[in-house]
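The values are calculated or read from the model by the stated rules, or taken from the named source; none is laboratory data. Model, not experiment: these values are computed from the prediction. Heads up, the Cβs are rebuilt from the backbone with ideal geometry, glycines too, and the neighbour counts pull from every protein chain shown.
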Amino acid sequence: MTAGVSSISFVIAGFILAPLMIGIINKTKAFIGGRTGAPFLQLYFDLMKLLQKGGVYSVTTGWIFRGAPSVVLASVGVVLLLVPITTSGAVFSFNGDIFLFAGLLALARLAMILAAMDTGSAFEGMGASREAMISAISEPSLLLMWVALAVITGELSIAGMLGDGLNPAWTSASGPAIVLLLVALFLLMLAENARIPVDDPTTHLELTMIHEVMILDHSGPDLGFLTYAAALKLWIFAALLVNIVLSLYAGPLWAAALLFGVGMIATAVVIALVESTMARLRMIQVPELLTIAVGLSALSAAIAVGVR
Amino acid sequence: MEYLIDFMLILALVLGLACLGLRRVSQCVWAAALQGIVTGILLLIVHDEVEIGLIVVVASSIVVKGLLVPWFLTRTIKTGRVEVEVEPYIGFNLSLVIGGLAFGAALWLAIALTLPFEIESELIIPVSLATAFIGLLTIVSRRKAITQVAGFLILENGIFMFGLVLVAALPTLVEMGVLLDLFAAVFVMGVTIHNINRAFDHIDTSRLNQLHDKLPSRRWRMPRNGARQREAVQNDQADS
């Protein structure tokens, strides 16, 4: 599939705007909490600052620790290339790229877990263990979601699934399957990006440490890479969510892109609302939340297969 | 209209599954009640033309299943001082998995089952079968009598939805009869639970075999969990 100008420009927009989404979430949370909050562009400033610094490496760490941030950023960056914006088509896509999507995210996670183990810190090891547990339950949900979308649209590539094929499916018998899928994807987004019901992105406290504790020993550009990769990952999942909702709208591409921007802001606000109104779940309840996500996507896949 | 029916059917199914996963008895009762309202609305939108008899059935089923029954059950929960937690024999996650598998089996059954006539939505049969099964599962896998009533409600909702297949053939009178049965059954169950609770201090159905003609002797009476915990706390306080 050839890459259109529109899809390339959308991906560039994703690379540029991803940190802004975190900014919107933090600003909304601050607003709800009655604070002024950091400026929208705070993450850009942080990234600038981190990239200008030098790295500090513990003598107990080896090449895995030094290489992991690059691996994480590279794999998440490639995943972004697979995600289209409404009907624009992705920069590159092929039949079965859903497995590349899941595999690259798994590779990024593996690199992070290995780097965390490499420090030899008990804290980081615990964070790595929790990350592995959460991903072990969230990945089946992700794959079942792709199965449901593949059955609904009859396509095998991400760009195809989120493209034109989804619009008529809304009003067909598989419409409810898409709604269940959206709920599962939202739960998955919160879990995969270490947002509040699963993990708390604002603290390194022992009780909440999953993602934040794994990047505790990284510094300088490495930390910048990991933070930027986390922002990109949130953008990717939010983009999937907004794309599925936007498949309801079958208009010209520029209008869809505009709606996409509005949808991303709305998603950020919804995440901020969830984070402001909910407390983090106890660690023992996190698998139950993810079981709900797996159940919903399995239900969605079952309906899609059943009504086909 | 057809996709609206599908959405409502899936909503009913998800509410049934929610009842399997919810932790509190009152939440479980309200999930079943909400499912009753959804099935009532389903009956309204499945019909093409609206007539007086239909409106009476829909309105009475929404009022009975959505308002009267949950009100009555929450009242029983309050006056009977039923503890808030659902006590399952089968864990919440496992129940959800079994519920999901039941839906898979119902889908397979619905595909295997060929009907002699067209029905409004392909999902009616699998969803109603799965809902009936979820109701049965709730009845057998939960310890408290209140949750068993909720399971009975879900079972009835499943049967009600299965009736949507025969929407042309099922006369209003039959629907009303079913509804009356349901109300009477829930009423009787509520009163019974209330009385069992008064006599035995608990509604744990696993100990119903200790029911006797005369009141059980002191030796037979086991304190319910809360009482036991309170005793333990008092002992602790006495110790310290």
Among (1) more than 15 Å from residue A:243 (Cα to Cα); (2) away from every other protein chain (no Cβ under 14 Å), there is one condition residue A:186 misses while meeting the rest; what is its number? (1)
Please find, within segment A:262-281, the residue that is nearest to the other protein chains (Cβ to nearest Cβ) out of those that are surrounded by 18 or more Cβ atoms within 10 Å (Cβ to Cβ) and of a type in the set (Gly, Ala, Ser). A:263
Would you be able to say whether some residue in segment B:112-125 is in contact with a helix residue (DSSP H, G or I) (Cβ under 6 Å, 6 or more places away or on another chain), within 21 Å of residue B:46 (Cα to Cα), more than 10 Å from chain A (Cβ to nearest Cβ) and not β-branched (Val, Ile, Thr)? yes
Could you pull out every one of the helices (runs of 4 or more DSSP H) wholly within segment B:1-101 that has 1 or more residues that are surrounded by fewer than 21 Cβ atoms within 10 Å (Cβ to Cβ) and more than 14 Å from every other protein chain (Cβ to nearest Cβ)? B:25-46, B:52-61, B:69-79
Quick check on segment A:114-130. Is at least one of its residues out of contact with any Lys or Arg (no Cβ under 8 Å at 6 or more places or on another chain), modelled with pLDDT under 90, surrounded by fewer than 16 Cβ atoms within 10 Å (Cβ to Cβ) and among the hydrophobic types (A, V, I, L, M, F, W, C)? yes
Against the condition more than 14 Å from chain B (Cβ to nearest Cβ), assigned to a helix (DSSP H, G or I) and crowded, with 21+ Cβ neighbours inside 10 Å, how does residue A:149 come out, does it pass? yes
Options A:239, A:304, A:256: the member that is closer than 18 Å to residue A:80 by Cα and of a type in the set (A, V, I, L, M): A:239
Let me spell it out: the conditions are (1) within 14 Å of chain B (Cβ to nearest Cβ); (2) of a type in the set (A, V, I, L, M, F, W, C); (3) surrounded by fewer than 17 Cβ atoms within 10 Å (Cβ to Cβ); (4) in contact (Cβ under 8 Å) with a residue 12 or more places away in the chain, and residue A:284 meets all of them except one. Which number is the exception? (4)
Among helices (runs of 4 or more DSSP H) lying entirely in segment A:163-236, which contain 2 or more residues that are more than 22 Å from residue A:300 (Cβ to Cβ)? A:211-214
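Yes or no: segment B:109-123 includes at least one residue that is part of a helix (DSSP H, G or I), crowded, with 17+ Cβ neighbours inside 10 Å and on the phi < 0 side of the Ramachandran plot.
yes
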